[in-house]
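J.: Submitted below is the structure of interest, expressed as structure tokens.
The values are calculated or read from the model by the stated rules, or taken from the named source; none is laboratory data. As the structure is a computational prediction, the values presented were derived from the model and not from experiment. So basically every Cβ, Gly included, is an ideal-geometry build from the backbone, and we count neighbours across all protein chains shown. Each accessible area value is taken on the protein alone, full model and side chains, heavy atoms only, with ligands, DNA and RNA left out. Shrake-Rupley method; radii C 1.70, N 1.55, O 1.52, S 1.80 Å.
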Amino acid sequence: MKKIALLLLTSVFVFNFTLAGNVTGKVNFKGTAPKPQKIKMNADAKCVKLHDKKEVLSDAIVINTNSTLKNVFIYVSKGLEGKKFPPSKETVKLNQEGCMYTPHVLGVMVNQPVEIINSDNTLHNVHSLSKNSPQFNVAQPKQGMKMTKTFTASEQMVKVKCEVHNWMSTYVGVMDHPFFAVSNEQGSFTLKNLPAGDYEITAWQEKLGTAVMKVKVSDKDATADFTFEGK
């Protein structure tokens with residue numbers, strides 16, 4: 001009888017532990033939209049030529065056509081304490097194209113490989129301003145050059161800039177778990193397969209700051225919609 005009770009208890013524990021759900025949502029923008037900032041690339045004629053002399057706008061605040069925000073980093077900030085997750089082996093690509101970083105915001109796990117590519121026929125110099133991981137500051141003078149780097153400790157957010165072109169920057173969320181996302185062209189995001197539990201979710205925007213929300217995850221999807229206001 002005791003063995004049966006123990007077996008039932010173990011089965012319940014395993015079942016509860018494996019319950020998981022997705023957190024989906026949108027990042028809305030409210031208020032007066034800031035005037036788009038034009039980037040001046042005159043310091044490098046090759047950069048200007050890459051855009052056929054058309055104006056280039058900053059990626060610092062991108063408001064989508066449906067009044068949502070692109071390039072917002074969303075991640076679980078509380079609720080996973082004590083849990084460990086193996087680093088992803090999937091390589092994340094960070095491209096330098098048109099004298100801009102693509103993507104402008106990205107997320108990686110600790111020790112996940114990041115391949116940095118120079119797709120431009122001009123010199124770039126990639127400098128990470130990480131505080132928790134060793135910095136790297138490496139020149140890529142030729143088109144097609146690639147290098148792979150990792151971040152050794154979690155940090156939100158790590159700025160990466162080009163020491164040659166002062167308008168070039170990107171931000172990396174370095175996480176010790178896989179539950180993060182970046183809002184897309186519709187302002188949408190999904191945190192997939194989050195174990196059942198109570199969590200704090202944080203949304204970070206480069207210029208508008210952070211917003212925090214608490215969610216409860218079960219075997220059903222939870223919703224976390226954020227709103228940032230113009231300053």
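J.: Have a look at Val72, Val56, Val27, Val76 and point out the one that is over 15 Å from the mean Cα position of the chain (by Cα), open to solvent by less than 30 Å² (accessible area, probe 1.4 Å) and among the β-branched types (Val, Ile, Thr).
T.: On inspection, the qualifying residue turns out to be Val56.
J.: What are the residues in the range 21-76 that are assigned to a loop (DSSP other than H, G, I, E, B) and of a type in the set (D, E, K, R), if any?
T.: Once the filter is applied, which keeps residues that are assigned to a loop (DSSP other than H, G, I, E, B) and of a type in the set (D, E, K, R), the range 21-76 yields Lys35, Lys40, Asp44, Asp52, Lys53, Lys54, Glu55, Asp59.
J.: Scan the range 77-102 residue by residue and report those that are outside any strand (DSSP E or B) and of a type in the set (A, V, I, L, M, F, W, C).
T.: Leu80, Phe85, Cys99
J.: Select from the range 30-45 the residues that are without any contact (Cβ under 8 Å) to a residue 40 or more places away in the chain and either in contact with a His (Cβ under 9 Å, 6 or more places away or on another chain) or among the basic types (Lys, Arg) (or both) and write down the one among them that is surrounded by the fewest Cβ atoms within 10 Å (Cβ to Cβ).
T.: Lys35
J.: Give me the strands (runs of 3 or more DSSP E) completely within the range 141-214, filtered to those with at least 2 residues that are over 16 Å from the mean Cα position of the chain (by Cα), ordered by residue number.
T.: In the range 141-214, 146-149, 188-195, 197-205 are the strands (runs of 3 or more DSSP E) which contain 2 or more residues that are over 16 Å from the mean Cα position of the chain (by Cα).
J.: For the range 113-132, which residues satisfy the criterion of being open to solvent by 10 Å² or more (accessible area, probe 1.4 Å) and either in a strand (DSSP E or B) or in contact with a Ser or Thr (Cβ under 8 Å, 6 or more places away or on another chain) (or both)?
T.: Matches in the range 113-132: Pro113, Glu115, Ile117, Asn125, His127, Asn132.
J.: Let me ask something additional. Could you identify the single residue in Ser169, Ser188, Ser183 that is closer than 23 Å to Thr68 by Cβ and surrounded by 20 or more Cβ atoms within 10 Å (Cβ to Cβ)?
T.: Residue meeting the stated conditions: Ser183.
Residues checked against (1) at pLDDT 95 or above; (2) farther than 24 Å from Ser88 by Cα; (3) not hydrophobic (A, V, I, L, M, F, W, C):
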{"position": "Gln112", "(1), (2), (3)": "yes, no, yes"}
{"position": "Ser130", "(1), (2), (3)": "yes, no, yes"}
{"position": "Gln135", "(1), (2), (3)": "yes, no, yes"}
{"position": "Pro141", "(1), (2), (3)": "yes, yes, yes"}
{"position": "Gly173", "(1), (2), (3)": "yes, no, yes"}
{"position": "Val182", "(1), (2), (3)": "yes, no, no"}
{"position": "Thr190", "(1), (2), (3)": "yes, no, yes"}
{"position": "Tyr199", "(1), (2), (3)": "yes, no, yes"}
{"position": "Thr210", "(1), (2), (3)": "yes, yes, yes"}
